[in-house]
Amino acid sequence: MRRVSCARVLPLALLLVTLAAVPADAGAGGAGAGAGVSAGAGAGVVGTVDAVRGEAARAVRAHETARARVDRLRAADALPTKIKSAERRRKKIRADLWDMLWAAGRASGDPVAVNKSGRGGKCAFQSWSKKKSKAKTSPKVKAPKAPKAPKAPKAPKAKPDKAAAEKKARDTARSWTAPTRDYWLSAGYAASGARWAHRHTGQDFAVSTGTPVYAVGPGTVRATTCGDGFGNQVVVRHPDGYFTQYAHLSRIDVRAGKRVKAGQRLGLSGATGNVTGPHLHFEVRITPYLGSSVPPLPWLRRKDVRVVR
């Protein structure tokens, strides 16, 4: 991964100082988010933070525009050279955004940037050390063996249908799902109000504590962290390069580096972090880091997932 210069890290660090207040999102009804900059902060600091946040927001918009262009070119069966050129531009925007938010996350102590495994924060992982106790049983008495029946002739093996197998593999890879069940939607993406320092960065699914939370699609667990405004959280990277975040969990059932399937349980919902009630905070991001989120429900609709309102 490319690194940014030290001259750029300082103003970027200020970005996450303010963005760190954003995770204080709503529960079923919402939670109070602190101010992004303290009352004693100078106008110069406020201006720098706003400028860097604006830079990240512009990069997110530019990336989504570039991604839509790549999709259109592919749908139109454009020349491979045109598709590759558009894809290179998209990846360049994403790489620059990644560097920006990684540097800011390291400087501000964002756990996704500094402690991906969550072990440093003593997160609420499912216990893997429990051993099943073996109950004592009476000695087994062997019954006399029955005479073997004559073997039936084997039926000829059918040739595998390669096309059917490939279709099944594609269907499995494309299967996506909602992140939880029996929910109602509370705070939506980009919602504003006194509950957040700035706009809401994800979609809240109001559920009771202990409700299973699932991976929306296949991917690899990028991070499992705790200790900040998001509480216990899991971040998953998907094959299309996007990341999904599942926050405020009461328990985490996976570890960083684990491959997961669509619908596989990641943990249980809860009310950890800055909340006023139990719920699942769900985000879709261009990078693993805060500041790169995109509207999650349209993204899910592109995966043929219809979230009930």
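The values are calculated or read from the model by the stated rules, or taken from the named source; none is laboratory data. Given the structure is predicted, the values throughout are model-derived calculations rather than measurements. Reconstructed Cβ throughout: ideal geometry from the backbone, glycine too, with neighbour counts over all protein chains shown. Surface areas here come from the heavy atoms of the whole protein model, side chains and all, with no ligands, DNA or RNA. Shrake-Rupley method; radii C 1.70, N 1.55, O 1.52, S 1.80 Å.
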Qualifying positions in the stretch 271-295 - touching a Ser or Thr at 6+ places or on another chain (Cβ under 8 Å) and not in a loop (DSSP other than H, G, I, E, B): His279, Leu280, Phe282, Glu283, Val284, Arg285, Ser293
Looking at (1) among the charged types (D, E, K, R); (2) in contact (Cβ under 8 Å) with a residue 40 or more places away in the chain; (3) out of contact with any strand residue (DSSP E or B) (no Cβ under 9 Å at 6 or more places or on another chain), which is the only condition Lys84 fails? (2)
Just a yes or no: is a residue in the stretch 18-29 assigned to a helix (DSSP H, G or I) and modelled with pLDDT under 85? yes
Looking at the stretch 116-150, which of the residues that are of a type in the set (Lys, Arg) and surrounded by 13 or more Cβ atoms within 10 Å (Cβ to Cβ) is modelled with the highest pLDDT? Lys116
Which of the numbered conditions does Leu268 fail, given that it passes all the others? Conditions: (1) in a strand (DSSP E or B); (2) open to solvent by less than 10 Å² (accessible area, probe 1.4 Å). (2)
Give the stretch 204-260 a look and list any residue that's without any contact (Cβ under 8 Å) to a residue 60 or more places away in the chain and assigned to a loop (DSSP other than H, G, I, E, B), or say none. Ala215, Pro218, Gly231, His238, Asp240, Tyr242, Val254, Gly257, Lys258
Out of all the residues in the stretch 231-257, which are over 30 Å from Ala68 (Cα atoms) and either among the polar types (S, T, N, Q) or out of contact with any Ser or Thr (no Cβ under 7 Å at 6 or more places or on another chain) (or both)? Asn232, Ser250, Arg251, Asp253
Test His281 against the criterion of being closer than 27 Å to Val52 by Cβ, under 11 Å from the mean Cα position of the chain (by Cα) and crowded, with 18+ Cβ neighbours inside 10 Å, and give yes or no. yes
Looking at (1) under 30 Å from Gly273 (Cα atoms); (2) of a type in the set (Gly, Ala, Ser); (3) modelled with pLDDT under 90, find the lone condition where Ala56 falls short. (3)
Among the β-branched types (Val, Ile, Thr), within 28 Å of Ala223 (Cα to Cα) and at pLDDT below 90 - does that describe any residue in the stretch 96-115? yes
Filter result for Asp77 (of a type outside the set (Ser, Thr, Tyr) and either farther than 15 Å from Gly241 by Cβ or outside any helix (DSSP H, G or I) (or both)): yes
Exactly one condition in (1) modelled with pLDDT under 95; (2) of a type outside the set (Phe, Trp, Tyr); (3) not in a loop (DSSP other than H, G, I, E, B) is false for Ala191; which is it? (3)
Out of the stretch 76-111, which residues are open to solvent by 20 Å² or more (accessible area, probe 1.4 Å), more than 23 Å from Arg58 (Cα to Cα) and of a type outside the set (S, T, N, Q)? Ala76, Asp77, Ala78, Leu79, Pro80, Lys82, Gly109
Qualifying position, being open to solvent by less than 20 Å² (accessible area, probe 1.4 Å) and within 23 Å of Ala62 (Cα to Cα), among Val294, Val207, Val221: Val294
